[in-house]
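Below is one structure, written out as structure tokens, with a few remarks after it.
The values are calculated or read from the model by the stated rules, or taken from the named source; none is laboratory data. Please read all numbers here as calculations on a predicted model, not as lab measurements. Methodologically, a virtual Cβ is constructed for each residue, glycine included, from the backbone with ideal geometry; neighbour enumeration extends over all protein chains shown.
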Amino acid sequence: MLELQQSVCARYGLVGVAPEPVVALARSTVGAMPLCGNRFQLGEGDNIGWFIHCGEFSDADDFYSPVHTEHLHQLLPLAVSYLWLPPGSRFVVDDQGYEDIWQELHQRSTCTGPCQLVSER
């Protein structure tokens, strides 16, 4: 799997960075398309860099919940290939082969979401 993750980074000329042990996942959206991910640079005291949802985004306070990264293999296997993208990366993919990856060059140094989620629900 690591080889696949690194090949995604290489296709876009990016240096891979290992993901944090926990990601923020909008569990209620799993199964919808497209799959969207945003990796923030961790700020002081933050422990989650990846925020991942499927379909429509919501700004509801409980939209994301913490999930151990290792559980994404079962919950959302399509996302696993993109977890080594470096902070500042965003992706949109779907189950029909669409893939768009880009870097937010002027991204905030910390996220605006619930960066300090600490336990899996």
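The number of residues in segment 1-48 that are touching a helix residue (DSSP H, G or I) at 6+ places or on another chain (Cβ under 9 Å) and farther than 22 Å from L75 by Cβ comes to 2. Residues in segment 38-95 that are on the phi < 0 side of the Ramachandran plot and either part of a helix (DSSP H, G or I) or not hydrophobic (A, V, I, L, M, F, W, C) (or both): 37 in all. Going through (1) under 20 Å from L14 (Cα atoms); (2) exposed (fewer than 15 other Cβ atoms within 10 Å of the Cβ); (3) modelled with pLDDT under 95 one by one, Q107 falls short only on (2). Tallying residues that are part of a loop (DSSP other than H, G, I, E, B) and not charged (D, E, K, R) within segment 1-28 yields 11.
A quick yes/no check of all residues on (1) exposed (fewer than 13 other Cβ atoms within 10 Å of the Cβ); (2) at pLDDT below 95:
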{"residue": "E44", "(1), (2)": "yes, yes"}
{"residue": "H53", "(1), (2)": "no, no"}
{"residue": "S58", "(1), (2)": "no, no"}
{"residue": "F63", "(1), (2)": "no, no"}
{"residue": "P66", "(1), (2)": "no, no"}
{"residue": "Q74", "(1), (2)": "yes, no"}
{"residue": "P77", "(1), (2)": "yes, no"}
{"residue": "W84", "(1), (2)": "no, no"}
